[in-house]
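Just so you know, all these numbers are worked out from the coordinates, no wet-lab data involved. Every value quoted in this text rests on a predicted model; they were computed, and no experiment measured them. A quick note on method: Cβ atoms are made from the backbone with ideal geometry, for glycine too, and the neighbour counts reach across all protein chains shown.
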């Protein structure tokens, strides 16, 4: 478990043309600091016919956005919030919302 934004988290976009949108994280690329968010940053791509796309043509798909452009959406306080790290019993680290101080997972 990473302590940042993980796959299946709900995030809120804070900058760019997609500002204000909320979506589920499909992929996290920690090497490039990018995330793929469901139904956010949709692009049109011209594809040749192949096994996956028999018809070919123009398809719409999500493009990755910078990790710094999203905030984790806290399920407890229902607001986008920064993430902090808290220590629980046994010395385990957990993510916490910096607004409501609740443990996220």
Item to complete: Could you calculate the FRET efficiency of residue 54 with residue 24 from 1/(1 + (r/R0)^6), where r is the beta carbon distance between them and R0 is 35 Å, rounded to 0.05?
Response: 0.80
Worksheet, complete the sentence: In a Gaussian network model of the chain with springs linking alpha carbons closer than 10 Å, the residue among 48, 76, 19 that fluctuates most is 48
Discussion item. If I build a Gaussian network model for the chain, linking alpha-carbon pairs within less than 10 angstrom, which residue out of 89, 62, 38 has the largest mean-square fluctuation?
Written reply: 89
Worksheet item: Given the options 87, 27, 36, which has the most mean-square fluctuation in a GNM of the chain, springs set between C-alpha atoms less than 10 angstrom apart?
Response: 87
Practice prompt. Please report Rg over Rh for the chain, where both radii come from the alpha carbon positions and Rh follows the Kirkwood definition.
Written response: 1.10
Worksheet item: Is the shape of the range 36-86 rounded, prolate or oblate, going by the alpha carbon gyration tensor and its root eigenvalues a ≥ b ≥ c, with a/c under 1.5 for rounded and a/b larger than b/c for prolate?
Response: prolate
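Assuming 0.36 nm per residue, please report the length gained on full extension of the stretch residue 87 to residue 103 beyond their Cα-Cα distance.
Full extension of this stretch gives 4.8 nm more.
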Worksheet entry | Förster-model FRET efficiency, 22 Å R0, residue 78 and residue 6, C-beta, rounded to 0.05 | 0.70
